[in-house]
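Okay, so here's the structure we're looking at.
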Amino acid sequence: MADYPTSFDKDDLLKCARGELFGPGNAQLPEPPMLMMDRITEVSADGGEHGKGHIVAEFDIHPDLWFFKCHFPGNPVMPGCLGLDGLWQLTGFNLGWRGMQGQGFALGVGEVKLQGMVTPTRKMLTYVVDFTRVIDRKLKMGVANGRVFADGEEIYTVQNMKVGLAAAAT
């Protein structure tokens, strides 16, 4: 396993987005505005609910976030797919943090339940990803469950997310 810290601030996440954290051609986060977190507070290869690794991150909610202006005028709410994307982003980040090579790609999700909304009055989202399986052979893939909390209230649950790492297309 690579020797990376177990928490990352916004500057670290932006380095990852530029391909500077895990190296060119390896796991990368998107740049803002698609970067769906402000910091990673915990990451492990053997922690979490199943002992197969986990990652926890936070995203500060501000009323001026780009998606509130367009989704929906007069009734602003963060699209649920952005919360799911944040969970996928973190799943791929964890694989890169483990030292696995290749760019991350969302491969699917088994089940998504949205039980609440993110409105401009919320203050912070917390993402929790718990790995159920990690494949580190020719195929590099993480399978995980995820939860999103808004100000401590669980609002999304996701089962069987899959993220793979593959060589970049040329």
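Brief remarks follow.
- Identity of the residue in segment 10-57, within 14 Å of the chain's Cα centre (by Cα), of a type in the set (D, E, K, R) and in a loop (DSSP other than H, G, I, E, B), that ends up farthest from ARG147 (Cα to Cα): GLU31
- Screening PRO63 with (1) out of contact with any Pro (no Cβ under 8 Å at 6 or more places or on another chain); (2) at pLDDT 95 or above gives one miss only, at (1).
- Among the residues of segment 46-83, those that are open to solvent by 20 Å² or more (accessible area, probe 1.4 Å), hydrophobic (A, V, I, L, M, F, W, C) and more than 12 Å from LEU125 (Cβ to Cβ) comprise TRP66, CYS70, PHE72, CYS81.
- The single condition among (1) open to solvent by less than 30 Å² (accessible area, probe 1.4 Å); (2) among the hydrophobic types (A, V, I, L, M, F, W, C); (3) touching a residue at least 60 places away in the same chain (Cβ under 8 Å) that TRP88 does not meet is (1).
- The requirement of being open to solvent by 40 Å² or more (accessible area, probe 1.4 Å), at pLDDT 95 or above and either among the aliphatic types (A, V, I, L, M) or in a strand (DSSP E or B) (or both) is fulfilled somewhere in segment 116-131, by at least one residue.
- Taking every residue in segment 144-170 that is on the phi > 0 side of the Ramachandran plot and pairing it with any residue that is open to solvent by 10 Å² or more (accessible area, probe 1.4 Å), at least 6 positions away or on another chain, the pairs with Cβ-Cβ distances below 6 Å are ASP151/ARG122; ASP151/LYS123; ASN160/GLY110.
- Subset of segment 25-45 [among the acidic types (Asp, Glu) and open to solvent by 50 Å² or more (accessible area, probe 1.4 Å)]: GLU31, GLU42
- One residue stands out in segment 148-170 among those that are surrounded by 14 or more Cβ atoms within 10 Å (Cβ to Cβ), closer than 30 Å to THR121 by Cα and among the charged types (D, E, K, R): the one that is farthest from the chain's Cα centre (by Cα), namely ASP151.
- Within segment 100-110, the set of residues being open to solvent by 30 Å² or more (accessible area, probe 1.4 Å) and either assigned to a helix (DSSP H, G or I) or touching a residue at least 60 places away in the same chain (Cβ under 8 Å) (or both) comprises GLN101, GLN103, GLY104, PHE105.
The values are calculated or read from the model by the stated rules, or taken from the named source; none is laboratory data. In this text, all values refer to a predicted model and were calculated from it rather than measured experimentally. Note that we place each Cβ from the backbone using ideal geometry, even for glycine, and neighbour counts take in every protein chain shown. Each accessible area value is taken on the protein alone, full model and side chains, heavy atoms only, with ligands, DNA and RNA left out. Shrake-Rupley method; radii C 1.70, N 1.55, O 1.52, S 1.80 Å.
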